[in-house]
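What follows is a set of notes on a single structure, which appears directly below.
The values are calculated or read from the model by the stated rules, or taken from the named source; none is laboratory data. Every value quoted in this text rests on a predicted model; they were computed, and no experiment measured them. Positions of Cβ are generated from backbone atoms using ideal geometry, with glycine treated the same way; all protein chains shown enter the neighbour counts. Side chains are part of the model used for accessible areas, which takes the heavy atoms of the whole protein and leaves out ligands, DNA and RNA. Shrake-Rupley method; radii C 1.70, N 1.55, O 1.52, S 1.80 Å.
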Amino acid sequence: MYSTFAATADADALDESSYLFGQAHDGLLSIPMAHEGAHLKAPAPSPVPMSGLHRLSSGQYSESAASSIHLIDAHDLSEASGSHLSGREDREGSISSGYINGQERSYAPSPLYYPHPLHNQRPRGVAHGNSYNTSAKSNGVHLLSQDINGKDDSGATALPYPSKVTLSNQNPMARTLSRDSKPSSTPELSQSQEPPSATRSTSSNSAKGKPNQFRANSSIPSALSWEEFSRQTILAAESSRLNPFALHPEEYKLLRMHITHAQVTIYLNIRNAILRVWTRNPLVGVTLEEAAGCARDKRYFGLAKVAYYWLLRNGYINFGCVDVPHTASTIPRSPNKSSPQRTILVIGAGMSGLGCARHLEGLSAQLGDQWTAQGERPPKVIVLEARPRVGGRVYSHPFQNQASSTLPAGQRCTAEMGAQIITGFDHGNPLDAIIRGQLGIRYHALRDNTILYDHDGTIVEMSHDIRVERLYNDVLERASTYRNKPATFRTVEGDRNLILFGRDPSDTGGASIATLENSNTPLPANAQTTASTTEEKPSSGVEKLAGRSYQLTAGVNPNISAAEAALTMGWQLRSGALSTHSVDLDTIAKSSDFPTLGQAMDDGIQQYQNLLDLNPRDLRLLNWHHANLEYANAVSVNQLSLSGWDQDIGNEFVGEHSEIIGGYQQVPRGLWQCPGKLDVRFNSVVKSIHYNTGERNVGKAVTVECNNGEIFMADRIVITTPLGVLKSGTVTFQPPLPDWKQGVIERMGFGLLNKVILVYEKAFWEPDRDMFGLLNEAEHRTSLDIKDYSARRGRFYLFWNCIKTSGKPTLVALMAGDAAYYAEASSDDHLIKDVTERLKKMFAPKIVPLPSETIVTRWSKDPFARGSYSYVGPKTQAGDYDVMARPHGPLHFAGEATCGTHPATVHGAYLSGLRVAAEVVEAMTGPIEVPSPLVEKKIKIENAVTFHNSEPKRKSEPERMDIKQARLLRDEDYEASIIGAILSVLGERPIKPGRAGVNPFLLYTKDFWYVCKKECDDARKSTTGDANARATKGEIRTAIGQKWRTASAETKQPYLDQTQNARDDATASAAKFKEQVVTWDREAARIRREYIQSHPPPGGNEDVMLNSRTAIELGAGKRLRRI
């Protein structure tokens, strides 16, 4: 009676009658005005086919059709079907979120919620009062935000991506407007700057055989103050998972022999500035010329080049769905043979495989000259995928009934079978650039408004819930005492104060970092750090899970007993319990060679039962939190390593959890299709991999045999198959993998999570509540034994409300821990009946009908997954994720199980793909070459002629100027130390919010510009008879003005409302700014006064220093000078 996402082999098949991106048009081009933010409106205007868009779907493709069966059907496909998915899948589209190219990131969490950019006082990548819109007419770049839509009137499909992203050769600094540049008021390039042809041209000068035209400072906007510029660069580094004030360990290894301590700060300023260029507009790849323009002196072009190639190779810039320049030059052909070309095979078209293949293609293009210099063509990349679709464990299954959808036109109603949640876009999530910056996909930001229902349907009181959660967190923190010691790594820090001010230190040469490390040479007097330092990975952070987040620290205060802690939580001690009684987990932690988190926590809860009167509802609540951990780790807490289960702590991203509207699978589809289609061979089930680890110059090192008899030969192979598949042994290796690799495969855990998807005609729950939890009874009712709850606690423990993302009233019930296996062993009828009875209790007296469509996942039965995601099992050793990632000869490994910093996540899988792409390129071309010397020595110019006379020596004018300059520099250094003290306490001075700058007509123009353009173009063609005729911008402006004047009040109202909302937000932000700046100024004056009293200035001019103010303190100015 129900559809089952289970059984065995995937039944999806390639079909000659349909394409990947259906039910939509070419796409919506959302380009912002240069002086405003973007605000999405629902519904969006009808998409208009654009003739200039690059068509990416050249072949016919179908992934599968809806497999959900109506409840009234008389047969059950859950067991009888011999497929992983029953039926076929419809085509999918999406709607653009209107990513602001160079100005700020405006997004659409849902069709009903539109955050205004002024809500954030400091939008990322924007300088208030300055506009750097990359679609402006003077920069030579034409950028398009696109959707993953599909079908045009002819039936062909295309993904709207710019066919012309042209970097002007005359102006390689395409992201920065000059002082004389004026932003365009319409989303069009001026006629004089349009590329001469429709052919894509992204090659840099060097790619065309011309010398690189490097200009220092050319990527540093002159209109920005140094303080604001440095703020943006620091934020860019933090948004790229890099410490803005210290070298990455790999940068340290690369540079330690070549740079001095002062040059570390210079390098960091350049590196952070390059990241700023990228993060402000990830639609366009950063060029080497732009990177060189981040240096402030031509002596540091070498540093800029090393930073650029390091960031490029390792996927910090120019990653994702971005078109990049090609540098491969022409190879002289031999009359007898063609130029050789190596092959890279990627096994798996999930997020890691697609991310790796896409980055390999990009690196092959941008580093093409490194291959052509050796007389060979850049390598060919082939992806082998066992399924007839992309995405792997990211799969958005369409509903059978697509009627009555609430989604924008062109999007399917789907449910997520696998990955579902984006755990924050900020602080380095690479999906931020892809989803919001490149593909422009809509998403819904989840609200933390979870409520819990008890097993009998009653709502758990909030105060009770909070009190039990605090107790659970206390036990969790006590268990964290047994965590493995964080790994350490060596790095070098720059001068934090100078980086905060955007300043470079004086560079007078000196010993390299390596020399300082190996000698007793003292550092400069103003150095704030040693030559190199040892840092630890984070040992605290937020465990971001389902509906709750748990703050984890390095342990609890040993001076506070468990009884005292319980009292502060609001609990009452048992009669006779002393306040000195505590909880001791040593016995259980040391009772086994492989202790588990569940054992330790259950023991801690039992010890708390001796102190507190815990009732069955308390235990049900505690077990709900257990189920939450089991959801995060895809396994029972009794199978998690006590010492390593949270080894990724401290690497969490920031921001609201989100879900993709219309299906998460749009992301892997975008990676596959943009900017050009990857070579993915579907239905290619790998049977065996034969490889040779020796050095080979003739023939291929790897031979792959597929079940269908196909043979592929390659020089390198990237294996992204899930850990569960490697554990199953269905792919054989010849010779067998070495013991160190096979051992880690066996030690690491691979867990299971399943879902029950319920689709209804009408919601009987709160439609605006994103999730709600359910407590489960023990096997023996009213039991006070914590262990009696383990088998059932994960059954339907959490329900996701997916109305806003699926387009239909949909609930997704999670089956976590032991319940995931219970779901695989139960029939669909039993599960649906069980969950319906639970929902009837929860929402009584409302009528809860049977669902109209259902889907049940059974991931362990999927032969191409064998489970859900990895976890740290009891026998898993510290560092095993790194061992899993280690290559073996020509074999390279990627996937979430190889990403120790972000395991069990989509972004972790994608990051592993970037890592292994860099690994493969280095194996083929060698490491980044660092020239020696890396920094040119400063040339000291001396007077050619010296005059001598008998008069007493007097200070010459240049000497007097030198003294004056020295005093000025000394005073500036002292001011810098004062500002450093202020910023360390208060942070940066509040920045005045920008003007709303939202005009209803301009918003309307942005949405309907291309509609009018097409109409005007058609009219011009009809009038002139010229098929290539185009309307002028003046004609389009006139037409759109007429449309606005004659538009109905209903059409105008959303734009008027949006404008008024922006003005209201601006007024509120301005009032808040005034309050904050008064407080900041008062405290800054106090800190300045106290600092001068405790650290008198070297020149003795206390009064001058006390009454002076820097530009930072006044919120203006470009240089660090007293005012």
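Quick look at the values:
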read-out: In segment 640-654, the residues that are farther than 17 Å from A897 by Cα and open to solvent by 30 Å² or more (accessible area, probe 1.4 Å); value: S643, V654
read-out: Qualifying residue in segment 240-249 (condition: assigned to a helix (DSSP H, G or I) and either open to solvent by less than 10 Å² (accessible area, probe 1.4 Å) or at pLDDT below 95 (or both)); value: yes
read-out: Meets criteria (small (G, A, S), farther than 18 Å from V998 by Cβ, at pLDDT 85 or above and in the same structural domain as L1003 (by the TED database)) for A1085; value: yes
read-out: Subset of segment 976-985 (residues that are open to solvent by 30 Å² or more (accessible area, probe 1.4 Å) and under 29 Å from the mean Cα position of the chain (by Cα)); value: S984
read-out: Segment 763-776 - residue that is modelled with pLDDT of 95 or more and out of contact with any strand residue (DSSP E or B) (no Cβ under 7 Å at 6 or more places or on another chain) and, of those, least open to solvent (accessible area, probe 1.4 Å); value: F764
read-out: Residues being in contact (Cβ under 8 Å) with a residue 24 or more places away in the chain and either open to solvent by 10 Å² or more (accessible area, probe 1.4 Å) or in a strand (DSSP E or B) (or both) - total across segment 809-839; value: 15
read-out: Leading residue by the ranking (most open to solvent (accessible area, probe 1.4 Å)) among those in segment 459-484 that are assigned to a loop (DSSP other than H, G, I, E, B) and in contact (Cβ under 8 Å) with a residue 12 or more places away in the chain; value: N484
read-out: Positions within segment 743-754 being under 31 Å from the mean Cα position of the chain (by Cα) and open to solvent by 10 Å² or more (accessible area, probe 1.4 Å), in sequence order; value: E746, R747, F750, L753
read-out: Residue in segment 705-734 that is surrounded by the fewest Cβ atoms within 10 Å (Cβ to Cβ), counting only those that are farther than 24 Å from C899 by Cβ and in contact (Cβ under 8 Å) with a residue 24 or more places away in the chain; value: N708
read-out: Hits in segment 862-876 (condition: closer than 17 Å to M351 by Cα and of a type in the set (S, T, N, Q)); value: S868, S870
read-out: Candidates G926, G895 - the one that is without any contact (Cβ under 8 Å) to a residue 60 or more places away in the chain, of a type in the set (G, A, S), over 21 Å from M713 (Cα atoms) and out of contact with any Asp or Glu (no Cβ under 6 Å at 6 or more places or on another chain); value: G926
read-out: Residue within segment 414-431 that is within 24 Å of V921 (Cβ to Cβ), open to solvent by less than 20 Å² (accessible area, probe 1.4 Å), modelled with pLDDT of 95 or more and assigned to a helix (DSSP H, G or I) present; value: yes
read-out: In segment 564-580, the residues that are surrounded by fewer than 18 Cβ atoms within 10 Å (Cβ to Cβ) and either in contact (Cβ under 8 Å) with a residue 24 or more places away in the chain or closer than 22 Å to E630 by Cα (or both); value: M569, G570, Q572, L573, R574, A577
read-out: Test: A445 is surrounded by fewer than 24 Cβ atoms within 10 Å (Cβ to Cβ), at pLDDT below 90 and aliphatic (A, V, I, L, M); value: no
read-out: Test: residue in segment 283-290 that is farther than 30 Å from T508 by Cα, in contact with a His (Cβ under 8 Å, 6 or more places away or on another chain) and of a type outside the set (S, T, Y); value: no
read-out: Yes/no for D456 being open to solvent by 20 Å² or more (accessible area, probe 1.4 Å) and either out of contact with any Ser or Thr (no Cβ under 7 Å at 6 or more places or on another chain) or part of a helix (DSSP H, G or I) (or both); value: yes
read-out: Scope segment 846-867; condition open to solvent by 10 Å² or more (accessible area, probe 1.4 Å) and polar (S, T, N, Q); matching residues; value: S852, S860
read-out: Any chance L798 is part of a loop (DSSP other than H, G, I, E, B), of a type in the set (A, V, I, L, M) and outside the structural domain of T730 (by the TED database); value: no
read-out: Qualifying residue in segment 380-400 (condition: touching a Cys at 6+ places or on another chain (Cβ under 8 Å), assigned to a loop (DSSP other than H, G, I, E, B) and not assigned by the TED database to the domain that holds N801); value: yes
read-out: Selection within segment 881-913 - buried (at least 24 other Cβ atoms within 10 Å of the Cβ), more than 18 Å from the chain's Cα centre (by Cα), assigned to a helix (DSSP H, G or I) and not hydrophobic (A, V, I, L, M, F, W, C); value: Y881
read-out: Some residue of segment 610-619 being farther than 25 Å from L798 by Cβ, open to solvent by 10 Å² or more (accessible area, probe 1.4 Å) and of a type outside the set (A, V, I, L, M); value: yes
read-out: Candidate set from segment 485-518 (those that are among the basic types (K, R) and open to solvent by 60 Å² or more (accessible area, probe 1.4 Å)); member that is modelled with the lowest pLDDT; value: K485
read-out: Condition broken by V667, with the remaining ones in (1) in contact with an Asp or Glu (Cβ under 6 Å, 6 or more places away or on another chain); (2) at pLDDT 95 or above; (3) open to solvent by less than 20 Å² (accessible area, probe 1.4 Å) satisfied; value: (1)
read-out: Selected residue [open to solvent by less than 10 Å² (accessible area, probe 1.4 Å) and either closer than 17 Å to L367 by Cβ or not hydroxyl-bearing (S, T, Y) (or both)] from L288, L311; value: L311
read-out: Test: residue in segment 1060-1083 that is under 30 Å from R1020 (Cβ atoms) and open to solvent by less than 40 Å² (accessible area, probe 1.4 Å); value: no
